[in-house]
1. Kindly indicate whether ASP159 is buried (at least 20 other Cβ atoms within 10 Å of the Cβ) and assigned to a loop (DSSP other than H, G, I, E, B).
2. Among the residues of the stretch 123-156, write down those that are among the small types (Gly, Ala, Ser) and not in a loop (DSSP other than H, G, I, E, B).
3. For the stretch 219-277, what are the residues that are surrounded by fewer than 21 Cβ atoms within 10 Å (Cβ to Cβ) and at positive phi?
4. Would the stretch 238-252 turn up any residue that is farther than 23 Å from GLU331 by Cβ, over 18 Å from the mean Cα position of the chain (by Cα) and of a type in the set (A, V, I, L, M)?
5. Looking only at the stretch 101-110, decide whether some residue is touching a residue at least 60 places away in the same chain (Cβ under 8 Å) and among the small types (Gly, Ala, Ser).
6. Can you confirm whether the stretch 101-109 contains a residue that is part of a helix (DSSP H, G or I), under 21 Å from the mean Cα position of the chain (by Cα) and buried (at least 17 other Cβ atoms within 10 Å of the Cβ)?
7. Is it the case, given these coordinates, that TYR56 is over 20 Å from the mean Cα position of the chain (by Cα), hydroxyl-bearing (Ser, Thr, Tyr) and over 23 Å from ALA19 (Cβ atoms)?
Amino acid sequence: MNIFITGTAGFIGSFLAEALAKQGHQIYGIDSINDYYDINLKKARLKKGGIHNPSYNQEITSSTLPNYRFRQIDLCDNEQLENIFQNNHFDCIINLAAQAGVRYSLQNPQAYIHSNIEGFINLLECCRLHQCSHFIYASSSSVYGNSSHTPFNETERVDQPISLYAATKKSNELMAYTYSHLYGIQTIGLRFFTVYGPYGRPDMAPILFANAIKNKQPIRIFNNGNLSRDFTYIDDIIEGIIKITEHPEQASQNTTDAPAVVYNIGHGSPTPLMEFIHTLEKYLNQEAQKEFIEMQPGDVYQTWADTRKLKQDFKYTPSTPLEEGIKQFTEWHKNFYK
C-alpha cells in the first residue's frame, strides 16, 4: 500500500512509519517539527527511522528504509500539501499530526484551531480531491471529559469536553463523519488512551516524572494523587493501528448512511497514578520527591478504555503489562537523557 502519514516526527507517528515501512508498505511522512517541545527529541525519532537533517520542504529518503520518504511541512501549507498529492497516489491517509496537550490549550488556543481544525480539513479535502478512500485519524480519550460511566464506551455521548484540546478532537470526529456521509470516504477515528514508552512526549507524566526523579526535583501530583489512567504501551498501539490499516474492510460502521467509525484504543484497564509513580521509582531505583496539589483545570479524574469493539473487529489484544512497559521506558530514558 501507498500510505501518507502525518506527524512522523511525533511519538506514535515515528514508530508507525517505521513499522509499516518494515512490512513493505510505501510510506510518505510529513511533520512540521514545531517547537512545542524539544526539537532534538523529534529529530532523534526521525533519525532512528533513517531520516537525517530535515529542512523545510525538502524531501528525504530514509537511509535505512528506502520505501520511507519524509518532508517537513505544515498541514496548513496548502500549496505544498497539494504538490505532494498531485505527484503521488495514496491508498490511505493516517493523520497523527496535532497540537497536543490539554494544559497548553489553556495558554495557546489558537495553535489548536490552526493544527487540529484547519490542518484536519485540509487532509479531508486531499482525500476528496485525490480519490483516497481510507482516512484513519487520531482522536483522544479526552473527548469523554469527566464521564462517570466506566469503562468508556464508544456509544457514550461526548458533547461535554472540558478542554479546548478535547473539543478539537470531538470536532475532528464530526468533520470525518460528514466527509464519510457526503463523499463515501471511509473514516476511522482512534481514541488513544495515555500512550507511553521510549521516545514518548516530554510534556506527559512518564518523562516529566522520570526527569524530576532523576534530577532530585519534586514531581507535581494533581488531585492529591487520586487519579487513574489507562496507560497503553506504544507497541500495543502500533500493533492495533497496523491491523486497521492493512484490513480496513473489517471495520464496522457506526451508522448505515456513512462508512465512519470510532474506536477506543487503550490497554483496557486503569492504573492508579500512585501505582504508576511507584513503578517508575522501582525501575529508576530512586524515590520521588512528591508535591501534592489540587486538580488542574482541563484534567480528568480517570480514563478507562472499553476495547471490546476493536477486539471484535480486529482481534486487538494489548499484551504489555505496566511493569514491562515501565522497564522498557526507563531503560531508554537512562540512555537518552545521560
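1. Considered against the rule, which asks whether it is buried (at least 20 other Cβ atoms within 10 Å of the Cβ) and assigned to a loop (DSSP other than H, G, I, E, B), ASP159 comes out as no.
2. Correct list: ALA138, SER139, SER140, SER141, SER142.
3. Within the stretch 219-277, ASN223, ASN224, GLY225 meet the criteria.
4. There is at least one residue in the stretch 238-252 that is farther than 23 Å from GLU331 by Cβ, over 18 Å from the mean Cα position of the chain (by Cα) and of a type in the set (A, V, I, L, M).
5. For the stretch 101-110, residues touching a residue at least 60 places away in the same chain (Cβ under 8 Å) and among the small types (Gly, Ala, Ser): present.
6. Narrowing the stretch 101-109 to residues part of a helix (DSSP H, G or I): 103-106, 109.
Still in the list and also under 21 Å from the mean Cα position of the chain (by Cα): 103-106, 109.
If we keep only those that are buried (at least 17 other Cβ atoms within 10 Å of the Cβ) too, we end up with 104-105.
Within the stretch 101-109, one or more residues are part of a helix (DSSP H, G or I), under 21 Å from the mean Cα position of the chain (by Cα) and buried (at least 17 other Cβ atoms within 10 Å of the Cβ).
7. Numbers: over 20 Å from the mean Cα position of the chain (by Cα): yes; hydroxyl-bearing (Ser, Thr, Tyr): yes; over 23 Å from ALA19 (Cβ atoms): yes.
Yes; evaluated as a whole, the condition is true for this residue.
To keep it simple, each residue is scored yes or no on (1) in contact with a Pro (Cβ under 9 Å, 6 or more places away or on another chain); (2) of a type outside the set (A, V, I, L, M, F, W, C); (3) under 22 Å from GLN23 (Cα atoms); (4) assigned to a strand (DSSP E or B).
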site	(1), (2), (3), (4)
ASN223	no, yes, no, no
GLU239	yes, yes, yes, no
TYR263	no, yes, no, yes
GLY268	yes, yes, no, no
LEU280	yes, no, no, no
TYR283	no, yes, no, no
GLU294	no, yes, no, no
THR320	no, yes, yes, no
GLU324	no, yes, no, no
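The values are calculated or read from the model by the stated rules, or taken from the named source; none is laboratory data. All of these numbers come straight from a predicted model, not from anything done at the bench. Positions of Cβ are backbone-derived with ideal geometry, glycine not excepted, and every protein chain shown enters the neighbour counts.
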